[in-house]
Amino acid sequence: MPNQDSKHIVASYDRDLEAIQAQIMKMGGLVEAAVLDAAKSLERRDEELAERVRAGDKAIDELEERVNEECARLLALRQPAATDLRTVLTVMKISANLERVGDYAKNMAKRTSVLVQMQPIDGASGAIRRMAKAVEGMMKDALDSYIQRDVELAQDVRMRDHEVDQMYNALFRQFLTFMMEDPRNITACMHLHFIAKNIERMGDHVTSIAEQVIYLATGEMPEDTRPKSDLTSFETTEVEG
């Protein structure tokens, strides 16, 4: 029967882990807002909002650093058993994916500041906003699946990445058409393509979060290969820290 000291250690570990998980959810909320605000700033041609997204990335980076420090401290002091160790490692991977999504949102906002100086491309900003909204919805469900340890919801998030890829492919073809029809559209369409590709990559990172949830709940990574529909060979995935 566990003695009083071991009960105290378990309770203390649980409190530490809950505090870290609260930081993950706070980080997730900031990233969700950054994605939607970056897309909104493009659609509204709002440079002030775009600048707020860029400035807000610092808070996301700081939260990731804090999560990593707390996880490292927990590993060193508590030496968690197998299941708890899996939880801590999953938290670190989720925070890393969230940080990368935040970087992509910041990159979107940077390009918005350039695009507002150019002639708008008909229908592009609305399509990008819809794509960003789809990714934000995936992210919300991925984080919910983590809190609830809901494998079915996490699997659903994985499958929805296919829809984001299809939206990206449609935009890619649309931008090519605009560029061929009028060379004056080339610069704007190139920036818009980078933005669309950033959102497509966000979807990949959110899918990675969902896969970590499945690993956490089952002890195994998904064996089936998730469907990928990015048929373009134009790789534009720069990320700035």
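The values are calculated or read from the model by the stated rules, or taken from the named source; none is laboratory data. Worth saying up front: this structure is predicted, and the values here are computed from it rather than measured. Because the Cβ atoms are built from the backbone with ideal geometry, glycine has one as well, and the counts that use them run over all protein chains shown. Just the protein is used for accessible areas: all its heavy atoms, side chains included, with ligands, DNA and RNA removed. Shrake-Rupley method; radii C 1.70, N 1.55, O 1.52, S 1.80 Å.
Calculate the radius of gyration of the Cα atoms of the chain to one decimal place, then report Dmax, the largest Cα-Cα distance, as a whole number, both in Å.
19.9, 77
Among the listed pairs K58/K197; K40/K93; K93/K133; K93/K197; K110/K197; K110/K140, which are separated by more than 19 Å between their Cα atoms?
Working: K58/K197 22 Å; K40/K93 28 Å; K93/K133 23 Å; K93/K197 22 Å; K110/K197 14 Å; K110/K140 24 Å.
Pairs exceeding 19 Å: K58/K197; K40/K93; K93/K133; K93/K197; K110/K140.
Return the calculated 222 nm mean residue ellipticity for the chain, to the nearest 500 deg cm²/dmol, obtained by summing -39500 (n - 2.57) across DSSP H runs with n ≥ 4 and dividing by the residue count.
Values: 6 runs with 196 residues, N = 241.
The per-residue figure over the chain is -29500 deg cm²/dmol.
Calculate, for T218 and Q119, the FRET efficiency according to 1/(1 + (r/R0)^6) with r their C-beta to C-beta distance and R0 35 Å; round to the nearest 0.05.
On the way: r = 51 Å, r/R0 = 1.46.
Efficiency for this residue pair is about 0.10.
Mind checking which helices in the chain clear 27 Å along their axis (Cα) and have mean Kyte-Doolittle hydropathy of -0.5 or more, DSSP H runs only? It would help to have the intermediate numbers written out before the result.
Numbers: long enough: 4-44 (60 Å, -0.14); 47-78 (47 Å, -0.68); 82-115 (50 Å, -0.04); 124-148 (36 Å, -0.11); 151-181 (46 Å, -0.33); 186-218 (48 Å, 0.45).
Qualifying helices: 4-44, 82-115, 124-148, 151-181, 186-218.
Scaled to the compact-protein estimate 2.2 N^0.38 Å, what is the alpha-carbon radius of gyration of segment 11-97, rounded to two decimal places?
Working: Rg = 16.0 Å, N = 87, 2.2 N^0.38 = 12.0 Å.
That ratio works out to 1.33.
Just the ratio, please: alpha-carbon radius of gyration of segment 99-181 over 2.2 N^0.38 Å, N its number of residues.
Numbers: Rg = 15.6 Å, N = 83, 2.2 N^0.38 = 11.8 Å.
Rounded to two decimals, the normalised Rg is 1.32.
Averaged per residue, what accessible area in Å² does segment 107-191 show with a 1.4 Å probe, protein chains only?
Details: 4080 Å² over 85 residues.
Per-residue value: 48 Å².
Of the accessible area of the chain, with the probe set at 1.4 angstrom, what percent is carbon plus sulfur? If you can, show how the numbers build up before the last one.
On the way: 6020 of 11770 Å².
So the carbon and sulfur contribution to the accessible surface is 51 percent.
Got a sec? Charge dipole of the chain, +1 on Cβ for Lys and Arg, -1 for Asp and Glu; which of C71, L176, V116 is way out at the positive end?
Working it through, the farthest residue towards the positive pole turns out to be V116.
Report, in debye and to the nearest 20, how large the dipole of segment 154-210 comes out about its Cα centre when Lys and Arg carry +1 and Asp and Glu carry -1 on their Cβ.
Numbers: 6 positive and 8 negative charges, 24 e Å.
Dipole size: approximately 120 debye.
Report the calculated FRET efficiency for L153 and D182 (r = Cβ-Cβ distance, R0 = 35 Å), to the nearest 0.05. Walk me through the numbers before you get to the answer.
Working: r = 44 Å, r/R0 = 1.26.
After rounding, the FRET efficiency stands at 0.20.
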